[in-house]
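Okay, so here's the structure we're looking at.
The values are calculated or read from the model by the stated rules, or taken from the named source; none is laboratory data. Being a predicted model, the structure only gives us computed values, none of them experimental. A quick note on method: Cβ atoms are made from the backbone with ideal geometry, for glycine too, and the neighbour counts reach across all protein chains shown. Surface areas here come from the heavy atoms of the whole protein model, side chains and all, with no ligands, DNA or RNA. Shrake-Rupley method; radii C 1.70, N 1.55, O 1.52, S 1.80 Å.
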Amino acid sequence: MKLHEHQGKELFRKAGVPVPLGRVAFNVDEAEAAARALIAETGVETVVVKAQIHAGGRGKGGGVKVVQGAAAAREAAQRILGMNLVTHQTGSEGKVVRRLLVEQGLRVAKELYAGIVVDRDRRRVVMMVSSEGGMEIEEVARRTPEKILSRAIDPAYGLRGFEARELAFGLGLGEPTAGKLARVLGALYKVFVAEDCSLVEINPFVVLESGDVVALDAKVTLDDNAAYRHKEHPTLADPSEEDPAEAAARAAGFSYIRMHGDIGCMVNGAGLAMATMDILKHHGGEPANFLDVGGGASKDQVAQAFKVILSDPAVKAIFVNIFGGILKCDVLAEGVIAAVREAGLKVPLVVRLEGTNVARGRQLLGESGLAIQVAKDMDEGAKKAVALAGDTEP
Amino acid sequence: MSILVNKRTRVVIQGITGGAGSFHARQMLEYGTQVVAGVTPGKGGTKFDDRVPIFDTVSRAVRETGADVSCIFVPAPFCGDAIAEAAGAGVSLVVVITEGIPTLDMIAARRLLDEKGVRMVGPNCPGVLTPGECKVGIAPGYVHTPGRVGVVSRSGTLTYEAVWQLSALGIGQSTCLGIGGDPVGGIDFVDALTMFEADAGTDAVVLIGEIGGAAEERAAAFVREHVKKPVAAFIAGVTAPSGKRMGHAGAIISGSSGKAADKIEALRGAGVAVTANPAEIGVTLQAALRGKKGR
């Protein structure tokens, strides 16, 4: 789960990672009040108004404004709130800005980068720092990889003091800044572990004219698998950032992602679900969705999942591709039949069943009286679905 | 011949009295697997289905039954601890079926396994199966046929699909293993390819990858340098949108790395027969076997 910048900074602040003073605003009045309060507190007229969406590249897209005074902050908020912000990470459809972070302006001497990621190859949490802050780190990695310093962290010891110092002094920073940065990196690693993050990125991580270091940005992703041990994590979710169908699917225990095509898919297993989309495309069709009902799905969950497909007006044909392992074919059949009885079936349905209890599953579908096209394997099923959706000639 | 498990393998099941554990313990026994022990803390001294002795700890189970492989069904919140217990108990392989384990727990567990020299298959995987000899995990046994093709895959049901296609063509398998799709796991493609290349009972390998990470690219580099046997492959996720999470935590594409197209190109460059159609995994391997690829 991705967090908004202001939520990430709140985690940082509590852990002793310095962040700018700031307040969240959901409308222009709140934004103006936040600016006024910040100016009164700091004695500095400069404030920054930042769009809060789950994507980077906000500055280039016009979602970040540095202004002087509360009236100008109100004006900036007026412009940014409600705008459809398109960045390199949002895709061409963009994201609507629904909240802002209003922050104190700071006098920046130098921009750095800090990131903590899970390195699959080394099977370690890795901390990265770079002197090239403010740029896309992928770009730095491509052009000047020597300017990124990294350290794989042993989970038994955590980030040790000397490791943090090697990174901080490695950036060519002198004292007292290097020492301060090393301490902050230690605190940052503690946040990563304590909150079960899968990504923490600060770009830019700035050195102020005073020599202090401050996290000017915060990109934090939490590990969904660890949500059970963090009662407060669900409260950090922003439903407006998600497709409602995708959010409902997750709540119901299956995995659904809307695509742009017209063939609805229901599959068990993520790999087979992706392969099913691939084979539809291979035969000239376009999948309307990714849907993995999961291994231990019950009849009710199958029915719920099938209804999600039925409710998508773009769907012109449905392809059910099941290789029963833990999920039994008869349970799948019962779920599909229940969903169709309740919601009706207005588009052609192609079913391919194989695996555990397959005979019983096929029998149930056959006896149901539903208009189902049976496919003997996934190739035949995909071709039929593509033809029935009208994507190619039958 | 085979890799990892065979008819002499003695299996202990951690979480044998749970829902998934008990169902699949019976399936494994039915397949002919030597399930010699179960572990459920607090139920030591009793028996599972009147035949498999249950112990409170893995080390006791290993000491008393000589189990050498552990199959773990313990729920995710307790699974990191269960893996650590197995690592120190004297088994040589742990097969972790459980899905949804926090990544940081897996990083710690993997470190301990490496320290003890214990291998792991999984987590979040169907397990490992040597047809006609031993099944450790949840794969449907009936789709497999004994033979000489090794199968290694990051996906569960897609593994069954590939094995089913091979069996339908009359091509049997030496060992089939699903390594799981999580960001941090045990045996990877390179480890599996190393074992299959060295196994006298394996003539060719089917490799099934998916988007995310760089495991397929590393597999390609390894095949180019070290694998003489024919390899056929399919990579799932050509149509997956960038940055979206497709069920497996491992299946995230971000930026330029981890994309299916890059993986396919790397594998083809290494002489691997890659099919774009998941329904043609079997025939692709068949063609690769016939042609031997001149490798």
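Key figures for this structure:
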{"quantity": "DSSP-defined antiparallel bridges as percent of all bridges, the protein assembly as shown, nearest 5", "calculated": "55 percent"}
{"quantity": "Around residue A:6: net Lys/Arg minus Asp/Glu count, Cβ-Cβ under 14 Å", "calculated": "+3"}
{"quantity": "HN-Hα J in Hz across the stretch B:64-74 - Karplus 6.51, -1.76, 1.60, θ = phi - 60°, x for Gly and Pro", "calculated": "8, 10, x, 4, 10, 10, 10, 10, 10, 10, 4"}
{"quantity": "Per-residue HN-Hα couplings for the stretch A:349-356 [Karplus 6.51, -1.76, 1.60; θ = phi - 60°; Hz; x = Gly/Pro]", "calculated": "10, 10, 10, 10, 10, 8, x, 3"}
{"quantity": "Square roots of five times the Cα gyration tensor eigenvalues for the stretch A:243-388, Å", "calculated": "19, 17, 15"}
{"quantity": "Interface residues in the stretch A:251-274 - accessible area drops by 30 Å² or more relative to the isolated chain, probe 1.4 Å", "calculated": "A:257, A:259, A:270, A:271, A:272, A:274"}
{"quantity": "Per residue accessible area of chain B, 1.4 Å probe, in Å²", "calculated": "35 Å²"}
{"quantity": "Charge dipole (debye, nearest 20) of the stretch A:243-388; +1 at Cβ of Lys and Arg, -1 at Cβ of Asp and Glu", "calculated": "220 debye"}
{"quantity": "Sum of side-chain charges, residue A:353 neighbourhood, beta-carbon under 13 Å (Lys, Arg +1; Asp, Glu -1)", "calculated": "-1"}
{"quantity": "1.4 Å probe accessible area per residue over the stretch A:21-105, in Å²", "calculated": "46 Å²"}
{"quantity": "Sequence-distant residues sharing a close amide H with residue A:265 (under 5 Å, placed H)", "calculated": "A:288, A:289, A:319"}
{"quantity": "Total charge dipole magnitude, chain A, about the Cα centre, Cβ charges on Lys, Arg, Asp, Glu only, Debye to nearest 20", "calculated": "360 debye"}
{"quantity": "Shielding score for A:219-226, defined as the mean number of other chain Cβ atoms within 10 Å", "calculated": "4"}
{"quantity": "Loop trypsin sites (Lys or Arg not before Pro), the stretch B:199-242 (other Cβ atoms within 10 Å of the site Cβ: 12 or fewer; DSSP)", "calculated": "B:228"}
{"quantity": "Rg and Dmax [Cα atoms of the protein assembly as shown; Å; Rg one decimal, Dmax integer]", "calculated": "26.7, 80"}
{"quantity": "19 Å Cα-Cα threshold exceeded, pairs from A:14/A:110; A:316/A:384; A:60/A:95", "calculated": "A:14/A:110"}
{"quantity": "Inter-probe distance in nm under a simple model that places probes 7 Å from Cα toward Cβ, at residue A:341 and residue A:71", "calculated": "6.9 nm"}
{"quantity": "Cα long-axis angle, helix A:329-343 against chain A (0 to 90 degrees, to the nearest 10)", "calculated": "90 degrees"}
{"quantity": "In the A-B interface, the accessible area buried, summed over both sides, Å² (probe 1.4 Å)", "calculated": "4100 Å²"}
{"quantity": "Per-residue mean of C-beta atoms belonging to partner chains within 10 Å, peptide B:17-24", "calculated": "1"}
{"quantity": "Sequence ranges B:183-193, A:272-282, ranked by mean other-Cβ count within 10 angstrom, highest first", "calculated": "A:272-282, B:183-193"}
{"quantity": "Protein-protein interface of the stretch B:68-102, residues with accessible area decrease of at least 50 Å², isolated chain reference, 1.4 Å probe", "calculated": "B:102"}
{"quantity": "Relative packing of A:114-123, A:36-45, which averages over residues the other C-beta atoms within 10 Å, highest first", "calculated": "A:114-123, A:36-45"}
{"quantity": "Environment charge of residue A:164, counting only residues whose C-beta is closer than 9 Å and scoring Lys/Arg +1, Asp/Glu -1", "calculated": "+2"}
{"quantity": "Pairwise Lys count, chain B - Cα closer than 22 Å, eight or more residues apart or different chains", "calculated": "12"}
{"quantity": "³J(HN,Hα) computed for each position of the stretch A:163-174 - Karplus, 6.51 cos²θ - 1.76 cosθ + 1.60, integer Hz, glycine/proline x", "calculated": "5, 4, 5, 4, 5, 5, 6, x, 7, x, 7, x"}
{"quantity": "At least 10 Å² of accessible area lost relative to the chain alone, listed for the stretch A:85-129 with a 1.4 Å probe", "calculated": "A:118, A:120, A:121, A:123, A:124, A:125"}
{"quantity": "Fraction of accessible area attributable to carbon and sulfur, chain A (%, probe 1.4 Å)", "calculated": "51 percent"}
{"quantity": "Carbon and sulfur %, accessible surface of chain B computed with the full protein complex present, 1.4 Å", "calculated": "51 percent"}
{"quantity": "Per-bin percent of Cα-Cα distances, chain B [10 Å]", "calculated": "7, 30, 35, 21, 7, 1"}
{"quantity": "Rounded tilt (10° steps) of A:28-42 against the dominant C-alpha axis of chain A", "calculated": "30 degrees"}
{"quantity": "Farthest positive-ward along chain B dipole, Cα basis, beta-carbon charges - from B:156, B:283, B:55", "calculated": "B:283"}
{"quantity": "Cα long-axis angle, helix B:189-198 against chain B (0 to 90 degrees, to the nearest 10)", "calculated": "90 degrees"}
{"quantity": "Per-residue average of Cβ from other chains inside 10 Å of B:151-158", "calculated": "6"}
{"quantity": "Radius of gyration and maximum dimension Dmax of chain A, Cα, Å", "calculated": "25.7, 79"}
{"quantity": "Counting all C-alpha pairs of the stretch A:1-88, share separated by more than 17 Å (%)", "calculated": "50 percent"}
{"quantity": "Accessible solvent surface per residue of the stretch A:338-380, calculated while the other protein chains remain in place, 1.4 angstrom probe, Å²", "calculated": "51 Å²"}
{"quantity": "Exposed-site-free run, longest, chain A (rule: chymotrypsin sites (Phe, Trp or Tyr not before Pro); DSSP loop; at most 16 other C-beta within 10 Å)", "calculated": "A:158-394"}
{"quantity": "Dipole axis of chain A (+1 Lys, Arg; -1 Asp, Glu on Cβ), positive-most option in A:188, A:365, A:267", "calculated": "A:188"}
